[in-house]
1. Give me, ordered by chain and number, the residues 5 or more places off residue 123 or on other chains with an amide H under 5 Å from its own placed amide H.
2. Obtain the nm distance between the two label points defined at residue 133 and residue 60 by a simple spin-label model: each point lies 7 Å from its Cα along the Cα-to-C-beta direction.
3. Could you give the distance between the Cα centres of segment 76-95 and segment 123-185, to the whole Å?
4. Counting only pairs 8 or more residues apart or on different chains, how many lysine pairs in segment 127-221 have their Cα atoms under 13 Å apart?
5. Starting at the first residue of segment 150-160, write each ³J(HN,Hα) from the Karplus equation 6.51 cos²θ - 1.76 cosθ + 1.60 with θ = phi - 60°, in whole Hz, x for Gly and Pro.
6. Starting with the highest mean, order 74-84, 60-70 by the number of other Cβ atoms within 10 Å, averaged over the residues of each peptide.
7. Quick one: which residues, 5 or more positions from residue 74 or on another chain, have an amide H under 5 Å from its amide H? H modelled 1.01 Å from N in the peptide plane, none for Pro or chain starts.
8. Could you calculate, for segment 139-183, the ratio of the Cα radius of gyration to the Kirkwood radius, expressed as Rg to Rh?
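Please treat every number below as a calculation from the coordinates, not as lab data. Just so we're clear, the structure is a prediction, and the values are computed from it rather than from any experiment. Ideal geometry is used to build each Cβ from the backbone, glycine not excepted, and the neighbour counts take in all protein chains shown.
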Amino acid sequence: MINITNYKKLIILILSSILSLVFIGCTTMNENNLDNNTTLATSKQELTVAAASDLTKAFTEIGIAFDKAHNSSITFSFGSTGNLSEQIANGAPFDVFAAANESIINDLDTKGFIVSDTKSLYGLGRIGIATLKDSSFETSTLDDLLNPDIKIIAMANPDHAPYGLASKQAIVSAGLWDKLEPKIVYGKNISEAMTFITTGNADAGFIALSLKDDSILNFNIIDSNMHNPLNQAIAVVKASNKQDLAREFINYVNSSDGQAIMSKYGFIPPEE
């Protein structure tokens, strides 16, 4: 005759064994999933791109699209072209440099800091005069900046920012430099010049077309014949140890998808 007590103990032992196996299996699956997720997270290739401030909006959008397509993680360092160039010459760990003018890239190439066969133009930039929408004055032309109500004019420093230099060239071309210079305050780059305007610390200023914000600013473009062309160039930094991915990024910027984004922010394609 079967001992009921022993029978119950046997059933409990069997059920316990089954539950233990299920628990071990689930734990193993969770560990495998965790390992797989960790591998996916850590397998992203990282890229560091030094870029002129006028590219802030365009390159941020391009970076999102590129990361998605290449399982990468791009870090941008936006600043004035001149300052970024100095950082590269001093060994800053950038993989790509997107300058606001071609001459800086050529200069770095001559000095051995750029991979020569990666140099390419990626767009032509434009500048204009900006004021807040609630301003009481019109600034459709450079002559309008003579208005005595306009006491402070912001622009990027022409000594190291190509957009600042183009702004100065336009003022000089109009024969207004001597009259307007006393009103001018300099930003480290074109983004800071725009901040002076949007915060009300400047009455008017020169900004990149690519940075204009129609919701808060009036913007009037300047005739491109009044300054040297803002031919913007990009290249792989020679010290980079991720040159293959860096080349892919440049190719993406100049691809149809990349150029569609650049055009969205007012850059003229190189071929034009």
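1. 232
2. 1.9 nm
3. Measuring centre to centre over Cα atoms gives 26 Å.
4. 5
5. 8, 9, 10, 10, 9, 7, 5, 4, x, 6, 9
6. 74-84, 60-70
7. Here the answer is 47, since their amide H atoms fall under 5 Å of that of residue 74.
8. 0.95
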